[in-house]
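Below is one structure, written out as structure tokens; comments come after it.
The values are calculated or read from the model by the stated rules, or taken from the named source; none is laboratory data. Source: prediction; values computed, not measured. Methodologically, a virtual Cβ is constructed for each residue, glycine included, from the backbone with ideal geometry; neighbour enumeration extends over all protein chains shown.
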Amino acid sequence: MNNNNDHTENLIRYLDGELSQAEMEALQTELDNNGSLKQELENLVLAKDVIRNYGLTQKVNGMHEALMAEMAMQKKHTIPKLRRLPKMMMGIAAGMIIATALFSMYQYLTVSPANLYSDQYTTYQVANMRGAMAGSTMEKAYSQQHYDEVIAMYMQITNPAANEQFLTGQAYLSKEDYHNAILLFNAIIEKNKTNNPPVFQDDAEYYLALSYLKNNETKKALPLFTKINDDKDHLYHNKINNWFLAKVKLLNWKN
């Protein structure tokens, strides 16, 4: 059996939870160094989502079992019986094309700022706070979810620091006041143009993108999400995967 079939079989077994710990570690190493293999895994995950959303489990499971059986047969014989595999693969491909088209339509109809936001948003924890603000009165008020108190404190500050702006932006976000959250996260990013090093830059970009998204300003959110997805060193890079970014693009086209 050729390496491509070996790779595909391992990915299928990975998604089915059938790999040993050693096999999973070896596969993860290969995924980190093989972009095409990683793309194939993402395609298989997408296909699995398609099956789950459109009730094609029974049909595709039959294809899955037949494909795995064919691969097993190839292992047993010196001369692989390859003539049957292309026909089988064409059948699988045809089914996946139809399912993917249906799934794409479903995503187009159901994608919304609210559900994408809920997929991503988690309340910021003050334990993540970096800088001199640790243990401050504002931080304690925020950790106790006294968001109005945080905002009131901020209003009394003449020249707020970036961490105070960020925490108050989080308070506004928790109160679903996206307009004021956007103003504060943008203020941090603007201030960082002259700060060296920048302060709360990655955090501000991520939460600004979420604020734009929930405020139905997808066109402004998309460049920020794209930047985070492209930058492997960004603090929130792992949260913005290709699939999430594709849904944001779909929402942008929809709007």
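Observations
- Which listed residue is modelled with pLDDT of 60 or more, within 30 Å of Leu245 (Cα to Cα) and more than 22 Å from the chain's Cα centre (by Cα), from Leu19, Leu46, Leu56: Leu19
- If you go through the stretch 187-214 and pick out every residue that is touching a His at 6+ places or on another chain (Cβ under 8 Å) and either among the hydrophobic types (A, V, I, L, M, F, W, C) or surrounded by fewer than 18 Cβ atoms within 10 Å (Cβ to Cβ) (or both), you end up with 1.
- Selection count where residues are more than 19 Å from Asn159 (Cα to Cα) and either of a type in the set (Gly, Ala, Ser) or not assigned by TED's automatic domain parsing to the domain that holds His237 (or both), scope the stretch 170-214: 3
- Pairs linking a residue in the stretch 234-255 that is over 13 Å from Ala221 (Cα atoms) to a residue that is surrounded by 15 or more Cβ atoms within 10 Å (Cβ to Cβ) and among the hydrophobic types (A, V, I, L, M, F, W, C), with Cβ atoms under 8 Å and 6 or more positions apart or on different chains, are His234/Ile228; Tyr236/Ile228; His237/Ile228; Lys239/Ile228; Trp243/Leu46; Lys254/Val111.
- If the condition is being surrounded by fewer than 16 Cβ atoms within 10 Å (Cβ to Cβ) and outside any helix (DSSP H, G or I), then the stretch 217-255 contributes Asp231, Lys232, Asp233, Leu235, Asn241, Asn255.
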